[in-house]
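Everything on this sheet refers to the single structure shown next.
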């Protein structure tokens, strides 16, 4: 469950910087906001106060979903993208079998065609500050991470009906870091108060699209995926505690399967017979066995290209596997980093410095 003593450590900075090693790759990029310079300042402040996450309300940002060509040295911006679609703080993206896309905006999931025309939307009272979305093996259900209310919701794509939901407050992740017990059920809220516990009744219709502020949430789930070998289980990364948890959907029970990550890990996903997860604040990608043991670590933190004011600060949003051999590091401080661990090569793809890229997906295949 935890880290073995001798995982293989590979520092990407020791690889050769070789743009010629990578053929162009067509991708969709999800840009959650266009205020990356301000976000960097907020990150530094958060690390210094030793509490990651939003502590003040802010307006919903305008984000983008773009179609781009990953080509080393070729800057990705509005001018170089073949399509630029505007959304309200998008973070998640999946492609359906008919070629349309599902985009997780801040408080809804919307289906669009190739030209960006809206075809359908999905909503739920707990849809707030949405993060990852994932299709099940049958591609009929969608797992939605609702960070704003510490929840996971599974919906049926055909009917829009909720098939499963799980909220961390109701499964042992309570109170918040401030000692406040959260509940969306009035009777439980009254029980907390009767016991003399600090409590807050959460009424989503009284809050905005962000839901609770990040610092107010009990554990901030921010990515999830289905277990390919057991349809009854899902894995989720928790931002506050820095761990990966496996949830049994049938019983609601959970167990901790990965610990030792820094706060705000992201990007849990299957990787071969095992798993891959990003240690965001340390700038590492962990490759795990089927039993969740750390076998290999890809270190991005020593690569060049980071602004001087961010010395000592990392934010590797996620690492995505684009093919059997090519990985893509989505680095908030350096841009997009193509990596070929087999040949020990890497190359940088610069990105508009105002763009905060959250997710990437191959445009086909």
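What follows is calculated from the coordinates using simple rules that are stated; it is not laboratory data. Since the structure is predicted, the reported quantities are computational estimates derived from the model, not experimental observations.
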*Which value results for Rg/Rh of the stretch 8-362 when Rg is the Cα radius of gyration and Rh the Kirkwood radius based on the inverse mean 1/r?*
0.95
*Does the stretch 220-292 come out rounded, prolate or oblate by the C-alpha gyration tensor, with a ≥ b ≥ c the root eigenvalues, rounded set by a/c under 1.5 and, if not, prolate when a/b is larger than b/c and oblate if not?*
oblate
*Globularity ratio of the stretch 110-207, using Cα Rg and 2.2 N^0.38 Å*: 1.30
*Quote to one decimal, in nm, the extra length available between residue 163 and residue 119 on full extension: 0.36 nm per residue of separation minus the C-alpha distance between them.*
13.7 nm
*May I ask for the angle, rounded to the nearest 10°, between helix 36-49 and the longest principal axis of the chain, with both axes built from Cα atoms and the value confined to 0 to 90°?*
60
*Given only helices, namely DSSP H runs of n ≥ 4 each adding -39500 (n - 2.57), what is the per-residue ellipticity at 222 nm of the chain, to the nearest 500 deg cm²/dmol?*
-2000 deg cm²/dmol
_At 1.002 mPa s and 20 °C, Stokes D of the stretch 278-357 from Kirkwood alpha-carbon radius, µm² per second_ = 163
